[in-house]
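Okay, structure first, notes after.
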Amino acid sequence: MRLRPPSESPEAAEARSDVLKAVEKYYRTRYGEASPFVPGQSPVPYAGRQFDEREMLSLVDASLDMWLTAGRFANAFERRFAHLLDRKYAALVNSGSSANLVAIMALTSPRLGEKRLRPGDEVITVAAGFPTTVSPIVRAGAVPVFLDVDLQTGNVLVDRLDSALSDRTRAVVLAHTLGNPFDLARVSGFCKAHDLWLVEDNCDALGSRYGGRLTSTFGDMATASFYPPHHITMGEGGAVVTSDSTLKVLVESFRDWGRDCWCAPGISDTCNKRFDWKLGDLPHGYDHKYIYSHLGYNLKVTDMQAALGLAQLDKLEGFVAARRSNWSFLRERLQKYEEHLVLPEATADSEPSWFGFLMTVRPEAPFSRAEIVHCLEDRGIATRMLFGGNLLRQPAFVDVPHRVVGGLDNTDALMNRGFWIGVYPGLTEAMKEHVVSCFDSFIASKSGRAGKGVE
């Protein structure tokens, strides 16, 4: 997607065109042909950036403006992203982790009255996941209440929600694990029944659907990440989406230094009373651009990042289709190993936009996680653990006040025996066949059937 450039002279416009033609030529020369895949020698990454000349053209086009903070490309991305997810508003930030941070901090604002999240309040979540889903809860002074997860979906055991509820519960914050939606019917119904905030961490699940609806459309807010392994990338970047105008203003305030002013960068006096406010103990008429209503941060993106993201948005549908196809390939071809591996399943009534293929080595399997992971890695196949495993075992969380409801047996099982491999769009047929071949030979050798093949 090309945006109309800012006003410039005919000579500058011609020079811009020449630069962009040179960029297109550079892409073809530098990246036009992929190296052939050699099994056992070439890497099979778990994820990676997928781009062509369109991303490079958009990136360079934005750089020629020399508008080094958020500008026309960021504005265009926010509008398109909100529309894509059927939300009214999207606020770009510099990472998915920052998106989680400002979403949770927005809930602490005094402007939310009795519904605000206060120190000592409780937030229901899971310990099997990425730390920055949970760390903003702790930073807000709230108490995370941890529930266990299902081994096949990787998502929260919804039957334990009622047991986790207390008179201090204010919110539920959950991620869609590796692109697989959690049970949004049960979770959103629980939140509505008890007047709780729901924040969907959608960083690994862009394009996933539940009950025909896109994830990100069920919660009061949802977050996204545009780090290179994710469904689309800006290099670094993230977003918060919402349809609540109050939450939109609060998210932007915490993102933009905590300021009370809502003017876009380079714009002044949107409120038509810039020098006529009286807030806090400041003198009447203090410049509204320098009045701060929250303890905020500076978490904005640059226009160059947003330009890259705009080009990626055009490809999202194809990326999602490739991820689903790759996941289905692995699920079908590895089905025969269910006696040794707990294989993943999509949550009922969902269409995941998969981020990875999760497996858990069964306790009775004739091999350990360490053995199969080392075998795969030795043959160039990248593996990953389920992020932080059980976060309560992590050094940073050892002394964090929390509650656990019903035990975390499956979370510990994922920590001790779980791992995942990639399904990203860059996988070729040769790469996928190599992955399956490595599983075949390894499990045959461990099952006493080396040289006999695997039925």
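The values are calculated or read from the model by the stated rules, or taken from the named source; none is laboratory data. Being a predicted model, the structure only gives us computed values, none of them experimental. Methodologically, a virtual Cβ is constructed for each residue, glycine included, from the backbone with ideal geometry; neighbour enumeration extends over all protein chains shown.
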remark   = Filtering the stretch 246-266 for residues that are acidic (Asp, Glu) and surrounded by fewer than 23 Cβ atoms within 10 Å (Cβ to Cβ) leaves a count of 2
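In this structure, does GLU78 turn out to be part of a helix (DSSP H, G or I), closer than 30 Å to ASP204 by Cβ and of a type outside the set (Ser, Thr, Tyr)?
Answer is yes for this residue.
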Test for LYS192: is it without any contact (Cβ under 8 Å) to a residue 24 or more places away in the chain and under 29 Å from SER245 (Cβ atoms) = yes
task = With respect to PRO344, determine if the residue is surrounded by 16 or more Cβ atoms within 10 Å (Cβ to Cβ), not in a helix (DSSP H, G or I) and not polar (S, T, N, Q).
result = yes
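Matching residues to (1) of a type in the set (S, T, N, Q); (2) modelled with pLDDT under 95; (3) within 19 Å of the chain's Cα centre (by Cα):
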{"residue": "ALA224", "(1), (2), (3)": "no, no, yes"}
{"residue": "TYR227", "(1), (2), (3)": "no, no, yes"}
{"residue": "HIS230", "(1), (2), (3)": "no, no, yes"}
{"residue": "CYS263", "(1), (2), (3)": "no, yes, no"}
{"residue": "SER268", "(1), (2), (3)": "yes, yes, no"}
remark   = The condition from (1) in contact (Cβ under 8 Å) with a residue 24 or more places away in the chain; (2) among the β-branched types (Val, Ile, Thr); (3) over 28 Å from PRO265 (Cβ atoms) that THR29 misses is numbered (1)
message = I want to confirm something. Restricting to the stretch 163-196 and keeping residues that are farther than 30 Å from TRP420 by Cα and acidic (Asp, Glu), which single residue is surrounded by the fewest Cβ atoms within 10 Å (Cβ to Cβ)?
response = ASP167
request  = Have a look at VAL404, VAL436, VAL423 and point out the one that is surrounded by fewer than 19 Cβ atoms within 10 Å (Cβ to Cβ), touching a Lys or Arg at 6+ places or on another chain (Cβ under 9 Å) and not charged (D, E, K, R).
outcome  = VAL436
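From the list THR108, THR153, THR133, THR177, which one is out of contact with any strand residue (DSSP E or B) (no Cβ under 8 Å at 6 or more places or on another chain), hydroxyl-bearing (Ser, Thr, Tyr) and within 26 Å of GLU345 (Cβ to Cβ)?
On inspection, the qualifying residue turns out to be THR153.
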ask   = Could you count how many residues in the stretch 18-75 are in a loop (DSSP other than H, G, I, E, B) and among the charged types (D, E, K, R)?
value = 3
key: Cβ-Cβ under 8 Å pairs, at least 6 apart or on other chains, the stretch 301-326 side in contact (Cβ under 8 Å) with a residue 40 or more places away in the chain, far side surrounded by fewer than 22 Cβ atoms within 10 Å (Cβ to Cβ) and among the β-branched types (Val, Ile, Thr)   = THR302/THR69; ASP303/THR69
key: Evaluation of THR360 against (1) part of a helix (DSSP H, G or I); (2) of a type outside the set (D, E, K, R); (3) under 23 Å from PHE182 (Cα atoms) (one fails), failing number   = (1)
ask   = Using beta carbons and a limit of 6 Å, which pairs, at least six apart or on different chains, have the first residue in the stretch 424-452 and farther than 30 Å from THR233 by Cα and modelled with pLDDT under 95 and the second one not basic (Lys, Arg) and not in a loop (DSSP other than H, G, I, E, B)?
value = ALA450/ALA444
note = Per the list (1) under 29 Å from ALA322 (Cα atoms); (2) touching a Ser or Thr at 6+ places or on another chain (Cβ under 9 Å); (3) not polar (S, T, N, Q), residue check on LEU427 breaks on (2)
key: From ARG209, ARG259, residue being touching a residue at least 12 places away in the same chain (Cβ under 8 Å) and either in contact with a helix residue (DSSP H, G or I) (Cβ under 7 Å, 6 or more places away or on another chain) or among the polar types (S, T, N, Q) (or both)   = ARG259
inquiry  = Testing GLU122 on (1) touching a Ser or Thr at 6+ places or on another chain (Cβ under 6 Å); (2) within 19 Å of SER293 (Cα to Cα); (3) not polar (S, T, N, Q), one condition comes back false. Which one is that?
reply    = (2)
key: Within the stretch 123-212, strands (runs of 3 or more DSSP E) holding 3 or more residues that are within 16 Å of the chain's Cα centre (by Cα)   = 169-175, 197-201
